[in-house]
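Each reported figure results from applying straightforward, stated rules to the coordinates on display, with no laboratory input. From a predicted model like this one, the values you see are computed outputs, not experimental measurements. Positions of Cβ are backbone-derived with ideal geometry, glycine not excepted, and every protein chain shown enters the neighbour counts.
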Amino acid sequence: MHLNHEQIAFFKDNGYLLVPGAMDKNLCATVRDMMWAALPDGNHLLRDDETTHVGPFPPEERSEDSLHVRDGYRWLNRTLGVTPEVINLIYSESICAMAEQLLGGEMRQAIVEGKPMGSQGPAWPGGPTDPAVSNEGARGVYCTLPYGDVERQPDACHTDGHPFQLGVVGLIDDTPKNGGAFKVWPGSHKRLYPTYKLRYDQPRIPYYDHLPSFKGILHTPEYLEEIGRLNSDTQAVECWGEAGDVVFWHHRTAHMAGHNYSNTIRQAVLADFWKLDLDRYRGEDPGGDMWRDWSPEVQNAGLTYSDAFAKAQRLTTTDD
Ligand SMILES: [Fe+2]
């Protein structure tokens, strides 16, 4: 698989690109089997009975183990992120070739049976797990249980603070609309990128046991204002689809894990891409051309694509 000019132009303009059928469907099925096989005995979720799939996990089934989280509606298996199956699926030759077309240069390689994300636990007790700490593979297999009969909740976007350059979310099972698929805010990468202090990283406040109230990612006021504007002025694109479909997204693209109002568990593999020399420029000032670390193909790409292509990418334009 090779990205054409239109796909590259669309990615540059919108900060995301849907690529249907980019992953092997049989391998998706194998990874689904592995996800279910890793669920401890006695859990109330029964694979063949969809009525049991509705969340949240009851208190007695909750797991805060950062390698295999089962909490609320989230079921995240990070140990699977370094298995040969998941690495062959999401870091396949063709997906890596597409990522390399966008990034150019020598890419970081995932390590089969390396350290999974979450190996060192969360950033602080009960806090988030940093995807850049001890993560030698993919982030893992991330599932969202159906919400059941609940009131609809508003969408709210965010960006990821850890250093990388290109994200990919691949559906390993068919996911309907409103079924918890990844959501992206088109064009947000161009609006948010200049609001950061650092090109591919973010200042953080360390966590101290004895001073617990102030910690984590430090956002600029400009960033917080722009996130607020994006939530009100931009229609999110939902990356629903079939097993094997992927979406590439820029590091600064605003996104969220969708709410799951379907009857089916949303099952996806999440992974990050970056170039080996990321450490050289991640802390630089974001001024100047935001594409200067990307491939010449991306740098030279125009921002034109057909209306039909934009429609296939689910982009809502003002004249729709
Ligand atoms: Fe995120």
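For the range 88-102, backbone phi angles converted through the Karplus equation (6.51, -1.76, 1.60; θ = phi - 60°) give residue-by-residue couplings of 5, 6, 9, 10, 5, 4, 6, 5, 4, 5, 5, 4, 5, 4, 6 Hz, Gly and Pro being listed as x.
Quick one, what does Rg over Rh come out to for the chain if you take C-alpha atoms and the Kirkwood Rh?
On the way: Rg = 19.1 Å, Rh = 20.2 Å.
Rg/Rh for the chain comes to 0.94.
Here the contact order of the range 194-247, divided by its residue count and restricted to Cα pairs under 8 Å and six or more residues apart, works out to 27 percent.
Each Lys or Arg adds one and each Asp or Glu subtracts one; over the other residues with Cβ under 10 Å from the Cβ of LEU171, this totals -3.
Can you pull the Rg over Rh of the range 166-320, Cα-only, Kirkwood?
0.99
Highest average first, the peptides 86-96, 7-17, 306-316 ordered by how many other beta carbon atoms sit within 10 Å of their residues are 7-17, 86-96, 306-316.
Highest average first, the peptides 267-279, 191-203 ordered by how many other beta carbon atoms sit within 10 Å of their residues are 267-279, 191-203. The packing ranking, built from the mean of other Cβ atoms within 10 Å per residue, places the peptides 157-168, 30-41 in the order 157-168, 30-41, highest first. Each residue of the range 225-240 was assigned a 3J(HN,Hα) from its phi angle through the Karplus expression (A = 6.51, B = -1.76, C = 1.60, θ = phi - 60°), giving 5, 5, 4, x, 5, 4, 4, 9, 10, 10, 7, 5, 9, 9, 8, 6 Hz with x at Gly and Pro. The share of alpha-carbon pairs in the range 56-171 lying farther apart than 16 Å comes to 67%. Using the Cβ atoms and a cut-off under 11 Å, what net charge is assigned to the surroundings of ARG62, where Lys and Arg are +1 and Asp and Glu are -1? Residues near ARG62 contribute -3 overall.
Cross-link partners of LYS275 among lysines, defined as those whose alpha carbon lies under 21 angstrom from its own and excluding same-chain residues fewer than eight positions apart: LYS12, LYS115, LYS190, LYS197. The distance from the alpha carbon centre of the range 242-293 to that of the range 103-174 is 9 Å, rounded to a whole number. In the P(r) worked out for the range 106-208, what percent of Cα pairs fall beyond 16 Å? Pairs farther apart than 16 Å: 71 percent.
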